[in-house]
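The values are calculated or read from the model by the stated rules, or taken from the named source; none is laboratory data. It should be emphasised that the depicted structure is a prediction, and the values quoted were computed from it without experimental measurement. Glycine also receives a Cβ, built like all others from the backbone with ideal geometry; neighbour counts cover every protein chain displayed. These accessible areas exclude ligands, DNA and RNA; they are computed on the full protein's heavy atoms, side chains included. Shrake-Rupley method; radii C 1.70, N 1.55, O 1.52, S 1.80 Å.
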Amino acid sequence: MLSGKFDVQIREEDGYAVIQTEGYLNGPRGEDLAETAKNLMQKGHTKFVINLAETKLINSIGISILIEIIELLEERQGILNFCGLTPTIEHTFKLVALARHAGIFPDEDSAIAALNSP
Amino acid sequence: MQAPSADETIQRLIFGLSELDELGETIISGHGNFSVSSRTYLRMILGTLQVSGGAILLFHPNENTLTIKSSVNVADESLVIRVPPDQISGFLDHPYIDLSNPPEVLQPFFEHIHSQLQSLDARFWFPLRIRDEFLGVISLGAFFDGHEIEDWNRELLNVFANHTSIAIAYSQLMVRSRAERFRLFMLSDTATQICKSLDTEAVQEEVVAHVVSLLDANAAGLMRINPNTERLEMKSLFSLESHANTELRNLSIPLKSDENLHPALTMLAEVATQEDKTLIYNDEQNAALFGRKNLIAVPMRGREEILGVLIVADKVGRRGITLDFTVGDSTLLEAFANQAGVAIENAFLYQEALEARRLQAEMEEAEKIQRTLIPDTLAQIPGYEAFGLYQPRGGVGGDYYDCIPESDGMWGLAIADVSGKGMQAALLMATLRAGLRSEATRKTDLPAMAFTLNSLLNASGDFGKYATFFFAQLNAETNQLTSINAGHNDPMVIRSGGSCEWLKKGGVMLGIFPDDMIANMPPFEQETTQLASGDIIIFYTDGVTETTNINDELYGEARLQDTAVRLRNESAETICGAIYDEVLEFQGEAEQFDDLTLMILKKK
């Protein structure tokens, strides 16, 4: 049987934060993720990497919430990069124009490096 | 605070309206988002009218709640105000509400949310709407200079409210459009994904995982019809609970009506058996089935028939609020289930074809092995003629015959039939042959040899695999034949005068019982037969005597005996060929599935 266990791990580094999710990203879990991101923004973070390598499923509400996180960051002139996307999720991000406002990278290292590139 | 001059007011109005124009263009161009623009609207309203604070609240029709989208000078931004559905018309009928004197119809509501209004510091509410759709409210505090609201303030606020309503509606349209694009993409992408796999179980797991995402749900199950048991059986589950309900995982529903069955389970069975039957449960009490909040089920069709049922449960929105499954969800799920059905059927057919190819390859290998085990020609025994024939029919069986030269003028004659077909039968036969050749040359007594061969086959074969076996040792100098029959068809001795005897003595077939059980059974016995000139022995497998014709009649021992007696004066080869031809003639057009093996020994 498949299980939708969900977990969020945070890693705060000098100048950026990495949020790693695990499991199905639906509405309530998306809200948990948004809350995590907002808390980090209140602490002054404006550069984020969201690592979705362990998230193979996402629904439309999860996508909406990711867009809202991007909007919040845009207000703060922040940057968000995604990494570890499945081909389906990457395609979905491009389709709903989410990829126009956030970077998509194959792995965490390249996503972090791009946060600081001009 | 001093009231602003008319000039200042006009300047603020011009500035506010021109900003409104720009904002409108940004929203229509699709580059803005309402999170940002709602804050701009609010600042514009507060600045133009010189109001101390306020908020834009959005209405969520699925939840009947108002939540703050943007605010200035509001104590609690996480405020959630519940709006009873029967109050909505009150908001639609009043474009402006003075909270110190609200319309009579809304008074109970505002009394109920009095404390929340205080945390909003609200004095005026301007409902936001497009036609009959209630979208939210602009909530405003007091004017800086404390003056009462004037007509031109209300008119201006109505302009702002209309503009904000359009922006909200447009934003909601964008969200819906995005969700629809997402669903359509998921529908097409999932079809591609699930069709890539040709492993039935993997496809089923992909289906349940994707369908929860497609319908914004939290659980899904795929049930397949088992035509043998006539039941609907759970094959794959997706659930947010890490420990699945065992009852659900093993759910099996009879397709035929059963009075003792839960009504919802009966309806699931109907989805699997009736045309165009769909099940939607939004009533939490009924959907308590499986411990779910709500559920929807549609048939999953293959190319020609319904394969099973796809069930999706727990559609959940923001803040964990349960959302109803809609007719639109049902349409989407049906489209998805049809794709899933074809993908599962494809995978199943592919696996069947793969299995058939594997069996064919195994049969070919087994046939090669068997060909190497059966002698092309039999060793010639001095003073005797020996001739054998093996004809495979309907797959590779485990027939075996042999003539083994031993020392001191002794010859071993064997015939056996191993149970089953294919590689397993061929390997068991190879084991028997190797054991026999080893034992026969050691000249052990035949019951002891049978015991050893039984032990060997029992240890090397699966449960239920066995061999019928007949072995004889011929002393070609004394013409004495000592034999043992372990459950094989009795070879017949046709005397030169035409009489017939059967070589029956021996014991149970080999390989089926372990040593300790064999030891408690009647011991293997051997018998001795004296052969004379013109005597023949017919060794055969059940493929000869159990050959049937189109009338389902058996060829049988009597026909074999009659033919052997009639041809007893012919050579061993002639007798063998004639029996074979007669069996084939008897068989006619009837299909046969067992190999045909014959061995003839004739004393010259």
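Quick notes on this structure:
- C-alpha center-to-center spacing [the stretch B:445-496, the stretch B:174-213] in angstrom: 63
- Chain A - mean residue ellipticity at 222 nm from DSSP helices (-39,500 (n - 2.57) per run, n ≥ 4, rounded to 500): -13000 deg cm²/dmol
- Solvent-accessible area lost in complex, 40 Å² minimum, residues of the stretch A:4-44 relative to chain alone, 1.4 Å: A:TYR24, A:PRO28, A:GLU31
- Overall form of the stretch A:45-116 per C-alpha gyration tensor (a/c, 1.5; a/b vs b/c): oblate
- Considering only chain A, percent of DSSP beta bridges that pair antiparallel, nearest 5: 35
- Fraction of beta bridges assigned by DSSP in the stretch B:374-603 that are antiparallel (%, nearest 5): 95
- For chain B, the share of DSSP beta bridges that are antiparallel, to the nearest 5, is 95%.
- The apolar share of the surface of chain A, taken as the fraction of accessible area on carbon and sulfur atoms (1.4 Å probe, ligands and nucleic acids excluded), comes to 48 percent.
- Remark on the stretch B:199-224: accessible area falls by at least 30 square angstrom from chain-alone to full-complex state for B:GLU205, B:SER213, B:ASP216, probe 1.4 angstrom.
- Per residue of peptide A:87-93, the mean number of Cβ atoms on other chains within 10 Å of the residue Cβ is 3.
- Pairs of Lys residues in the stretch B:374-603 are counted when their Cα atoms are under 28 angstrom apart and they lie 8 or more places apart or on different chains; the count is 14.
- These residues, B:ARG559, B:ARG433, B:ARG357, go from largest to smallest accessible area, 1.4 Å probe, as B:ARG357, B:ARG559, B:ARG433.
- Sulfur and carbon atoms: percent of accessible area, chain B [1.4 Å]: 50
- Evaluated at q = 0.09, 0.11, 0.12, 0.18 Å⁻¹, a Debye calculation over the C-alpha positions of the stretch B:374-603 (equal weights, vacuum) places log10 I(q)/I(0) at -0.34, -0.52, -0.62, -1.39.
- Residue-by-residue Karplus 3J(HN,Hα) for the stretch B:40-53, coefficients 6.51, -1.76, 1.60, Hz, glycine and proline x: 5, 4, 5, 4, 5, 5, 5, x, 5, 9, 6, 9, 5, x
- Between the stretch A:41-118 and the stretch B:565-604, the alpha-carbon center distance in angstrom: 81
- Averaged per residue, the protein assembly as shown has 46 square angstrom of accessible surface, using a 1.4 angstrom probe with ligands and nucleic acids left out.
- When chain A is treated as a Gaussian network with alpha carbon springs shorter than 10 Å, the biggest mean-square fluctuation among A:LEU57, A:LEU33, A:LEU85 belongs to A:LEU57.
- Dimensionless Rg over Rh [the protein assembly as shown; C-alpha; Kirkwood]: 1.29
- For residues of A:59-71, the mean tally of beta carbons on other chains within 10 Å: 5
- Each pair of Cα atoms in the stretch B:197-349 enters the Kirkwood radius, and Stokes-Einstein at 20 °C and 1.002 mPa s then converts it into a translational diffusion coefficient of 140 µm²/s.
- Between the helical axis of B:572-587 and the longest alpha-carbon principal axis of chain B there is an angle of about 40 degrees.
- Potential extension, B:SER252-B:LEU92 segment - 0.36 nm per residue separation minus Cα distance: 52.5 nm
- Helix A:60-75 axis versus longest C-alpha principal axis of chain A: approximately 0°, rounded to the nearest ten.
- Highest GNM mean-square fluctuation among A:LYS43, A:LYS94, A:LYS56, for chain A modelled with Cα contacts below 10 Å: A:LYS43.
- Among B:HIS210, B:HIS94, the sequence by solvent-accessible area, most first, with a 1.4 Å probe is B:HIS94, B:HIS210.
- Theoretical FRET efficiency, 1/(1+(r/R0)^6), r = Cβ-Cβ of B:PHE144 and A:ARG11, R0 51 Å, to 0.05: 0.65
- Distance between modelled label sites at B:ARG82 and B:ASP552, nm, 7 Å Cα→Cβ extension: 7.3
- A/B buried area, accessible surface, summed, 1.4 Å probe, Å²: 2900
- In this label model, B:GLU230 and B:GLU365 are separated by 4.1 nm, measuring between points 7 Å along each Cα→Cβ vector.
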